[in-house]
1. Run the reach check for Lys66 against aspartates and glutamates, Cα to Cα strictly under 18 Å, same-chain hits fewer than 8 apart removed. What comes back?
2. Arrange Tyr83, Tyr46 by Cβ neighbour counts within 10 Å, fewest through most, would you?
Amino acid sequence: MPNTRPPLDSAEMIVDLKSKAGRDGLIQVLPIGCVTQGRKGKALIYMEPLVKAGVVGFSDDGDPVKTDKLMSEALEISNCSIYRLSTTAKSLTADRRKVR
């Protein structure tokens, strides 16, 4: 999952991770890239370079995408392609006093 520091939001990060994992050769690493830049939920990343670098899917791992429009765009991209998307369902607008 991309809950790393720095987040796995670029092809360079994916290549570096796979290189380090391959050097030791102990396990196969199947990286998951970020849905948004820096896992901040504000701007989608360009997914294709990360797929070419070796990600098997996308997630912001525990952090929600901030707007419905952005999430809808991410889902549309993943639906029309080979990309897989894993989401965290959190309402940013729910009144916590009423949710129990």
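1. Counting by Cα, and skipping residues close in sequence, Lys66 has these aspartates and glutamates nearby: Asp9, Glu76, Asp95.
2. Ranking Tyr83, Tyr46 by Cβ neighbours within 10 Å, fewest first, gives Tyr46, Tyr83.
Computed from the coordinates by the stated procedures, all read-outs in this text should not be read as laboratory data. These figures come from a predicted structure and were not determined experimentally. Cβ sites come from the backbone with ideal geometry, for glycine too, and all protein chains shown count toward neighbours.
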